[in-house]
Structures are given as C-alpha cells and as structure tokens.
Amino acid sequence: MISVTILTKNSSRYIEKVLTALERFDEVAILDTGSTDTTVEIARRFPNVIVHFHAFAGFGEAHNRITALAKNDWILSLDSDEIASSAIVDEILHTKLDPQCVYSFSRHNYYRGKFIKGCGWYPDTVVRLYNRNKTGFSDDYVHEKVLTDGLKVVSFKSPVLHFPYNTIDDFLSKMQLYSSLFAKDKRGKKKASLFRAISHGLFSFFRCYFLKKGILLGSQGFEISAYNAITAYYKYLKLRDG
C-alpha cells in the first residue's frame, strides 16, 4: 500500500483535480499549514483523504512530519499543484516496489497554460516515491529533496503535470516566500553582499534566458527568466541583512 502525502496552504485552485487523480491510492495524507480558503473543505470530500494541521516550520520539516503521520511505509510525495497523469498512476500501482530503491518521475511544468520546455524547467526529474523506513526528506527550509544515499534511483516513464505559476502575482508571492526561507536556511552557511546579490541575479537571468533557451519561449521565457533573476537577487539581499 502507498500513502500519498501533500502539503497545502490556500491550495484550492488545483486541489480538487490533484485529489481526483489520486482516488485509486489507499490514503492521501494532507498537512495543511494554515489555509484560509476552501482547500480543507474540498479535501474532506474525498473518502481516502485525511487532513492534519500544523504550523509551517520549513518544507523539509513539513514533509517529514506528514510522512510520519501517514499509515503506510511507502510514500508518494506530491505538491498541491501537481496532477498525476493516469499513466503515472498506472505505472506506480503496477510496479513491484523495492525498499532499496527510490523512484523518480518527470514533471511537465506549465506557465500560463503553456508547457515550458526551457528555462531549466525541462527536463525536470524529481525523486518522490520512497520507503520511509529507508529514507526521508532533507531538513532544508526550501529546495528540500528526498535523500538517496545508498539507494538506487529508478525512473518511471510517465509524467506528472505541474502548474506552479499562473499569474505574475504567483511569481511575486513565491519570490517573497522562497527568498525569505533561503535566507533563513543559509544564514551562517553562505556569505552575502550587494555584489553577490547582483552577480547571482544577473547570472541567473543569463543562464535561464540564454543557456536554458528561455529566449525561444517568447514572453513566458522572459518572464520566467526575470523571476529567477529577481528571486536570486533578493535571496542574497535578505541573507546579507540577516
């Protein structure tokens, strides 16, 4: 049996589609960190969903908390804006899982309705299925990941559809959150200055727009590249200011 785990906060835009795609799983365990919209109300309509509540203390900590609360040892971790395709659900449910392995899939990332095949968004492979007796998430505040040391990584063929940003407001709100969490996580570990903030921001734009072919994606490519640059800039300014 597999438990799907999801972190939510004001996730009503996609949560119904996310949970509908997961109806074949034994359990979906949600950790809500303070929703004020209809997220929890929607989630409770699904018979295989159980909702837990806890204050947010970083993404790594939150993932490990909901993993511990799930009833099954096999954990499939999804975001509240990731919709599992029917093909990936079939693939997962028909795979004989090995505790010495962790399992990855590719994400098809969308922005304003367009599948983004550049800007570092493609290919985008993430490890998300694992046995909690063997591993778990890193404890990073942001950019957390499943730890894979000593385990074999097996890749599924089918994708998960990911809708991280739909509007400029999404960019701005996530820039504020991620830059603050980065500064909190890296304080005392990384050096920061105005020069570092500017250089990281400029290189982030160059890498995303030119090296990762954002220039070929029209306005979406420019907007994503600018978002990455601004986020990098403010990450290091916040780290500098403590």
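The values are calculated or read from the model by the stated rules, or taken from the named source; none is laboratory data. As the structure is a computational prediction, the values presented were derived from the model and not from experiment. For neighbour counting, all protein chains shown are included, and Cβ atoms are generated from backbone atoms with ideal geometry for every residue, glycine included. For the accessible areas, the whole protein counts, side chains as well, though only heavy atoms, and no ligand, DNA or RNA atoms are used. Shrake-Rupley method; radii C 1.70, N 1.55, O 1.52, S 1.80 Å.
Provide the descending list of Cα extents for the chain along its principal axes, expressed in whole angstroms.
Here the Cα extents, ordered largest to smallest, are 51, 41, 38 Å.
Under the definition of Cα pairs under 8 Å and six or more residues apart, what whole-number percent is the relative contact order of the chain?
It comes to 18 percent, rounded to a whole number.
Quick check: with the 1.4 Å probe, what order do Met175, Met1 take by accessible area, largest first?
Largest accessible area first, the residues go Met1, Met175.
Please report the accessible area of Arg132 (heavy atoms, 1.4 Å probe, ligands and nucleic acids excluded) in Å², nearest 10.
About 70 Å², rounded to the nearest 10.
Looking only at the range 1-145, where both bridge partners belong to it, what percent of the DSSP beta bridges are antiparallel (to the nearest 5)?
35 percent
Give, as ranges by residue number, the residues of the range 120-158 whose backbone N falls under 13 Å from the point 7 Å along Cα→Cβ of Lys213.
Inside the label zone: 120-124.
Report Rg(Cα)/(2.2 N^0.38 Å) for the range 67-126, keeping two decimals.
This ratio for the range 67-126 stands at 1.33.
At 1.4 Å probe size, put Thr95, Thr20 in order of accessible surface, largest to smallest.
Thr20, Thr95
Once you place label points 7 Å from the Cα toward the Cβ at Glu61 and Thr38, how far apart are they in nm?
According to this spin-label approximation, the distance is 3.2 nm.
If you look at just the Cα atoms of the range 1-119, how large are its Rg and its Dmax in Å?
14.4, 40
Given the options Asp149, Asp185, Asp32, state which has the largest fluctuation in a GNM of the chain using a 10 Å cut-off (strictly under) for Cα springs.
Among Asp149, Asp185, Asp32, the largest mean-square fluctuation in the Gaussian network model of the chain belongs to Asp149.
For Glu91 and Ser173, calculate 0.36 nm times their separation in residues minus their Cα-Cα distance, and state this gained length in nm to one decimal.
26.1 nm
Could you check the simple spin-label distance between Asp26 and Ala68, using points 7 Å along Cα→Cβ, in nm with one decimal?
Result: 2.1 nm between the two label points.
Protein chains only, probe 1.4 Å: how do His52, His200, His162, His94 rank by accessible area, largest first?
Sorted descending by solvent-accessible area, the residues read His94, His200, His52, His162.
Can you work out the PRE-style zone for Arg240? Point 7 Å along Cα to Cβ, and I want the residues of the range 147-191 with backbone N under 20 Å.
Taking a point 7 Å out along Cα→Cβ of Arg240, the residues of the range 147-191 whose backbone N falls under 20 Å are 175-191.
Would you mind pulling out the separation of the Cα centroids of the range 129-173 and the range 175-242, in Å?
20 Å
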